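Colleague: My questions all concern the structure below.
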Amino acid sequence: MLEFNWKNADEAVIGKEHGINVKNEFENYKSKVANIISDIYSNKNISGKWLAWMNLGYNEELVKEINEYAKSIKGKFDNLLVLGIGGSALGGIAVTEALLKPYWNVLDKEQRNDMPRIFFVDNIDPDQIKGLLDILNIKKTLVNVITKSGSTAETMSAFMILKDMLEQDLGSDYKKNIVATTDVTKGILRQISDKEGLKSFIVPDDVGGRFSVFSAVGLLPFALVGIDIAKILKGVRDMDKALSNTDINNNIAAQNALIHYLMDKKGKNISVMMPYSGRLKFVSDWYVQLWAESLGKDKDLDGNDVNVGPTPIKALGATDQHSQIQLYNEGPNDKLINFIRVKEFDNTLEIPTVFQNTGISYLGGKTVNDLNNAEADSTRVALNDYKRPNVTITVPKVNEYYLGQILYMLEIQTAIAGALYNIDTFNQPGVEQAKNYIYALMGRKGYEESAKTLKQKINT
Ligand code: PA5
């Protein structure tokens, strides 16, 4: 299982001014947190509570369906092109970057076990999209278009470009190169899929985009590049069982949620996610969306104006020791740093004993693993010296099982934090507003009035 260490958020290490008495606070919040956990777990099957993501780890039928589809098309495509944005892309990027062999797309077919390369289009930069389309053999590319709402302009415009290209190259056979992931009944992509007879998978009801990584949104692309999705879900289930424990002393997601909540009250309203593993780099991007969209809210559940939400920041060890750490050590003491440490890397990489009798000969004979650990330890100790709170999640290895655990732990942590803030963790009116403005500006039917007002505002 993952380990969680909060001792560097404690006043015993970083002092009373910036630390909290963690054990005492666990005691103070024991019954409140127990109620939150039991509410979350008992509401997970209630429609409209947006907690159906808690059931995704148990969907063996879906695993079977996805694996059968993946088997049926194995070897047919050189590339998998995923179109999606936000919650429809970030989990996919985080998991594939962590679990596929590094530099997957430059490996040859044999090294990729006959699996396709994988590309994500999660932005609308015309130069980047054109650049990618120029290098892909489109006939040998499977397009997985993912959008829960079925209408997101960024995703659908990329899809329209791909559909057109595929149809030009393949005629009516183009459908074989598309698989859609969207709502079961609602949305334009669902209508298109049904009308055109596209292969499709479902984003289940009551699962928001940023909580959808263990639905077909993530599982389908993972299986298509050969990742063992059953192992991911085993990690999710084991973590789910552990986190159903209502005692905060035995629940690491509740502990980190409460520490964040209390640190925010002490003015540490920035949550930095800093894995010491390049493979986990994009877990931070995924976390940033999860934390920001879930907790950044203007009203609480009683209708009061609150404008809450700790700002999430992504960082990477050791790279950002040479960029952000100066600020973290000496700038405003307004952050809680979350380290993710890996106990055992897949490889041990020795540093050869070259350049003897020079200023760098001390490195020879050590390993890159030693260096990584030394850097993580020294950053942690320096932060303590500067009285900057930090916590550490330790993962035994980067593999399917533990990645399932990390992501699920952070999801439950977010749900508990939202309940502590007494806000609606699962809506995103701020995102929807921006989407509606885009529809209006791009001339979507039904948005004419909004377009007029917007254009006036833009021109003033
Ligand atoms: O978490 C969310 O709800 C959002 O970030 C969505 O995932 C994002 O806006 C994409 O939406 P959709 O999947 O409907 O295209």
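The values are calculated or read from the model by the stated rules, or taken from the named source; none is laboratory data. The structure presented is a predicted model; accordingly, all values stated were derived computationally and were not measured. So basically every Cβ, Gly included, is an ideal-geometry build from the backbone, and we count neighbours across all protein chains shown. We work out accessible area using only protein heavy atoms, side chains counted, and drop any ligands, DNA or RNA first. Shrake-Rupley method; radii C 1.70, N 1.55, O 1.52, S 1.80 Å.
Colleague: At what distance in nm do the modelled label points of E449 and E27 sit from each other, each positioned 7 Å from its Cα along Cα→Cβ?
Modeller: In this crude label model, E449 to E27 measures out at 5.8 nm.
Colleague: Additional query: Work out the FRET efficiency for D169 and L441 from their Cβ-Cβ distance, taking R0 = 41 Å, and round it to the nearest 0.05.
Modeller: Here the calculated transfer efficiency is 0.80.
Colleague: Which whole-Hz ³J(HN,Hα) couplings does segment 323-334 yield from phi under the Karplus relation 6.51 cos²θ - 1.76 cosθ + 1.60, θ = phi - 60°, glycine and proline marked x?
Modeller: Taking θ as phi minus 60°, the curve returns 9, 9, 5, 3, 5, 5, 6, 10, x, x, 7, 10 Hz for segment 323-334.
Colleague: Counting only residues 5 or more places away or on other chains, whose amide H sits under 5 Å from the amide H of K299 once H atoms are built in the peptide plane?
Modeller: Residues meeting the amide H criterion: V306, N307.
Colleague: Something else: Of K32/K231; K7/K30; K314/K455; K265/K343, which pairs sit farther than 24 Å apart, going by alpha carbon to alpha carbon?
Modeller: Violating the 24 Å limit, Cα to Cα: K32/K231; K314/K455; K265/K343.
Colleague: What residue among V179, N35, Q428 has its Cα farthest toward the positive end of the dipole of the chain, where the charges are +1 on Lys, Arg and -1 on Asp, Glu, each on the Cβ?
Modeller: Of the candidates, V179 comes out farthest on the positive side.
Colleague: I'd like the Karplus ³J(HN,Hα) series for segment 233-247: coefficients 6.51, -1.76, 1.60, θ = phi - 60°, whole numbers in Hz, and an x wherever there's a Gly or Pro.
Modeller: Here the 3J(HN,Hα) series is 5, 5, x, 4, 5, 5, 5, 4, 5, 4, 7, 7, 5, 7, 8 Hz.
Colleague: Suppose all protein chains stay in the model; what accessible area per residue would a 1.4 Å probe give for the chain, in Å²?
Modeller: 46
Colleague: Can you list the residues, at least 5 places off or on another chain, whose amide H is less than 5 Å from the amide H of F4, using H built in the peptide plane?
Modeller: T394
Colleague: Relative to a virtual label point 7 Å from the Cα of S244 in the Cα→beta-carbon direction, which members of segment 1-43 show backbone nitrogen distances below 12 Å?
Modeller: Taking a point 7 Å out along Cα→Cβ of S244, the residues of segment 1-43 whose backbone N falls under 12 Å are 38, 41-43.
Colleague: For the chain, what proportion of DSSP beta bridges, expressed in % and rounded to the nearest 5, is antiparallel?
Modeller: Roughly 15 percent of the DSSP beta bridges within the chain come out antiparallel.
Colleague: How many nm is it between the label spots at D108 and I360, if each spot is 7 Å from the Cα in line with the beta carbon?
Modeller: Taking the two extended label points, one gets 3.2 nm.
Colleague: For the chain, what's the relative contact order in percent, using C-alpha pairs closer than 8 Å and at least 6 residues apart?
Modeller: Dividing the mean separation by the residue count of the chain yields 21 percent.
Colleague: Quick check: residue separation of K101 and V368 times 0.36 nm, minus the Cα distance between them. What number comes out in nm?
Modeller: Value of the extension gain: 94.3 nm.
Colleague: Taking 7 Å along the Cα-to-C-beta vector as the label spot, tell me the D377-D300 distance in nanometres, rounded to one decimal.
Modeller: The modelled label-to-label distance comes out at 4.4 nm.
Colleague: Something else: Mind listing the phi-derived Karplus ³J(HN,Hα) values for segment 153-159, rounded to whole Hz, using 6.51, -1.76 and 1.60 with θ = phi - 60°, and x for any glycine or proline?
Modeller: Values, residue by residue: 4, 4, 5, 6, 5, 5, 5 Hz.
Colleague: Can I ask one more? Which is farthest toward the positive dipole end of segment 171-316 among A257, A230, I192, measuring Cα position about the Cα centre, with Cβ charges +1 (Lys, Arg) and -1 (Asp, Glu)?
Modeller: A230
Colleague: A further question on this structure: Across bins of 5 angstrom width beginning at 0, how are the C-alpha pair distances of segment 52-227 distributed, in whole percent?
Modeller: Computed distribution, short to long bins: 1, 8, 18, 23, 23, 16, 7, 2, 0.
Colleague: Could you tell me the center-to-center distance, by alpha carbons, between segment 75-94 and segment 227-272 in angstrom?
Modeller: That distance is 26 Å.
Colleague: Across 10 Å bins from 0, what is the distribution of all Cα-Cα pair distances for the chain, in whole percents?
Modeller: Spelled out bin by bin, the chain gives 4, 19, 28, 25, 16, 6, 1, 0 percent.
Colleague: Dipole of the chain, Cα-centred, from +1 at each Lys and Arg C-beta and -1 at each Asp and Glu C-beta, to the nearest 20 debye?
Modeller: Using only the charged Cβ atoms, the result is roughly 360 debye.
Colleague: Continuing with the same structure: Beyond 22 Å, what percent of the Cα pairs of segment 310-438 remain?
Modeller: The calculated P(r) of segment 310-438 puts 57 percent of pairs beyond 22 Å.
Colleague: Also, I was wondering about something else. Name the residues whose placed amide hydrogens come within less than 5 Å of the amide hydrogen of G317, ignoring near sequence neighbours (fewer than 5 apart) on the same chain.
Modeller: Y276, S277
Colleague: Also, I was wondering about something else. Could you order the peptides 196-205, 93-102 from most to least packed, using the average number of other C-beta atoms within 10 Å per residue?
Modeller: Result, highest mean Cβ count within 10 Å first: 93-102, 196-205.
Colleague: Any idea how far the Cα center of segment 151-207 sits from the one of segment 6-73, in Å?
Modeller: So the two Cα centres are separated by 33 Å.
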